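Peer 1: Could you have a look at this structure, given as structure tokens, before my questions?
The values are calculated or read from the model by the stated rules, or taken from the named source; none is laboratory data. What you see is a predicted model; the values in this text were computed from it and never measured. Using ideal geometry, Cβ is built from the backbone for each residue, glycine included, and neighbour counts are taken over all protein chains shown.
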Amino acid sequence: MSEFAMKTCPAQFEDLRSIALPSMRSNGRPPRRAFTLVEMLIVIAIISTLMSISTYAFSKARETNVLAQARNAVLTYAKLARSYAIANQIETMMVVNPFNGRFEIWHLNPPPGGGPWDPLSSGTAIPFTDGYACAPVLDSGARLPVDANGRPLAVVHPIDFGDDETRPYLTDNDQNFDNNTWAAFCFDKTGKLVVRTRRIATRTYTLRDGTTRNAADRNRLIDESPDFTVFDVPPFVMVRGGASPDTPITSTLGFVISEGPKMRQVLGPRPTSLDIVNNWLIQTRPGGRYADFADTVLLNRYTGDDLVGAF
């Protein structure tokens, strides 16, 4: 194109130059190449995969943290219960409340003159106890980790869940369910871990289906702490609760700590005693389907310490 044409038709010249030099920009550099659809899909797939891996890793870390927190809390307050038993020279049972995750200390009231008194708690016969008391000596932090709604993130079960004689589980009545869900450990006045049975306040404010228990039948407050107003005159027997007011709870030498949300996902909102044993506790043993979501702990019967590696 002549110099005259370029001067008289600048627009047409620019069009021709853009066709003749498609790979050059006005600054002399080649233009940036845009992502193709395939490349964008590959990048999105990689990002999605990385996010899935990160989410899984975060979830596993959270579960591990919950189990570790629960384990440390149980062991810490078990030692406190042991110290309480030695200091007061009375057998003391620490109970884990499955409804609010609180730790409670139970023992039989001593006689009016003072001193230890626990004649009805023994392991030689069917040990149903008639007298008992909750000792409110633990602080508000004595509990399992909870979610924003105050629901326990961890669940503690007794380890001897297969003992039909003292902890039956083949039917789904309240006593069998209580025996499988209220974990307890008992220390004698020397600090030794012993197997004992005590009747504690298990007639909760809320039933397992979420409804409120009849006022005449419950012996716990709305926060599931013991309602001390229902204690009768000595020997301090709780009088509410119908024909079978409470459940005799047998202490154990060990327990299974489970990741609560996972257990509820597997068993549903209202599992039976048999569901808890066969479909969860047995499956949390080493090599079991849900072993990664639970931690089994045994206690040294003489010191109350954790027997690391026993299971």
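Peer 1: Which pairs have Cβ atoms under 9 Å, sit 6 or more apart or on different chains, and link a residue in the range 281-294 that is in a loop (DSSP other than H, G, I, E, B) to one that is among the acidic types (Asp, Glu)?
Peer 2: Sorted first by the residue in the range 281-294, then by its partner, the pairs are 290/259.
Peer 1: Take the residues of the range 140-150 that are touching a Phe, Trp or Tyr at 6+ places or on another chain (Cβ under 9 Å) and part of a loop (DSSP other than H, G, I, E, B): which is nearest to residue 179 (Cα to Cα)?
Peer 2: The selected residue is 144.
Peer 1: Right, next: Look through 69, 12 and report the one residue that is at pLDDT below 55, in a helix (DSSP H, G or I) and either of a type in the set (Asp, Glu) or surrounded by 12 or more Cβ atoms within 10 Å (Cβ to Cβ) (or both).
Peer 2: Step by step, each of 69, 12 is checked, and only 12 is at pLDDT below 55, in a helix (DSSP H, G or I) and either of a type in the set (Asp, Glu) or surrounded by 12 or more Cβ atoms within 10 Å (Cβ to Cβ) (or both).
Peer 1: Still on this structure: On the basis of being modelled with pLDDT under 90, farther than 27 Å from residue 149 by Cα, in contact with a His (Cβ under 9 Å, 6 or more places away or on another chain) and polar (S, T, N, Q), does residue 49 make the cut?
Peer 2: Against the criterion (modelled with pLDDT under 90, farther than 27 Å from residue 149 by Cα, in contact with a His (Cβ under 9 Å, 6 or more places away or on another chain) and polar (S, T, N, Q)), residue 49 does not qualify.
Peer 1: Just need a number here: residues in the range 82-99 that are in contact with a strand residue (DSSP E or B) (Cβ under 7 Å, 6 or more places away or on another chain), over 17 Å from residue 158 (Cα atoms) and among the aliphatic types (A, V, I, L, M).
Peer 2: Residues that pass the stated criteria total 2.
Peer 1: Continuing with this model, one more query. So, residue 44, is that one in contact with a Phe, Trp or Tyr (Cβ under 8 Å, 6 or more places away or on another chain), modelled with pLDDT of 55 or more and not acidic (Asp, Glu) or not?
Peer 2: So residue 44 fails the test.
Peer 1: Residue 188: among the acidic types (Asp, Glu), in contact with a helix residue (DSSP H, G or I) (Cβ under 7 Å, 6 or more places away or on another chain) and surrounded by 15 or more Cβ atoms within 10 Å (Cβ to Cβ), yes or no?
Peer 2: Yes.
Peer 1: Could you give every pair whose Cβ atoms fall below 7 Å, whose first residue belongs to the range 70-83 and is touching a residue at least 12 places away in the same chain (Cβ under 8 Å), and whose second residue is among the polar types (S, T, N, Q), counting only separations of at least 6 or pairs across chains?
Peer 2: Taking only residues 6 or more apart or on different chains, the pairs are 81/92.
Peer 1: Just give me the residues in the range 191-219 being free of Cβ contacts under 8 Å to residues at least 40 places away in the same chain, surrounded by 15 or more Cβ atoms within 10 Å (Cβ to Cβ) and either charged (D, E, K, R) or touching a helix residue (DSSP H, G or I) at 6+ places or on another chain (Cβ under 7 Å) (or both), in sequence order.
Peer 2: Correct list: 213, 218, 219.
Peer 1: Here's something else I'd like to know. When residues of the range 77-109 are filtered for being of a type in the set (S, T, N, Q), assigned to a helix (DSSP H, G or I) and modelled with pLDDT of 90 or more, how many remain?
Peer 2: Narrowing the range 77-109 to residues of a type in the set (S, T, N, Q): 83, 88-89, 92, 97, 100, 109.
Then drop every residue that is not assigned to a helix (DSSP H, G or I), which leaves 83, 88.
Among the residues that remain, those that are also modelled with pLDDT of 90 or more are: 83.
The number of residues fulfilling the criteria is 1.
Peer 1: Filter the range 257-275 down to the residues that are under 14 Å from the mean Cα position of the chain (by Cα) and buried (at least 21 other Cβ atoms within 10 Å of the Cβ), then identify the one that is farthest from residue 175 (Cα to Cα).
Peer 2: 259
Peer 1: Is one or more of the residues making up the range 57-65 within 29 Å of the chain's Cα centre (by Cα) and at pLDDT 85 or above?
Peer 2: yes
Peer 1: Go through the range 122-150 and count every residue that is modelled with pLDDT of 85 or more and either within 18 Å of residue 256 (Cα to Cα) or touching a strand residue (DSSP E or B) at 6+ places or on another chain (Cβ under 7 Å) (or both).
Peer 2: Within the range 122-150, residues that are modelled with pLDDT of 85 or more and either within 18 Å of residue 256 (Cα to Cα) or touching a strand residue (DSSP E or B) at 6+ places or on another chain (Cβ under 7 Å) (or both) number 6.
Peer 1: May I pose another question? Filter the range 221-254 down to residues that are at pLDDT 80 or above, out of contact with any strand residue (DSSP E or B) (no Cβ under 6 Å at 6 or more places or on another chain) and not aliphatic (A, V, I, L, M) and give me whichever is surrounded by the fewest Cβ atoms within 10 Å (Cβ to Cβ).
Peer 2: 223
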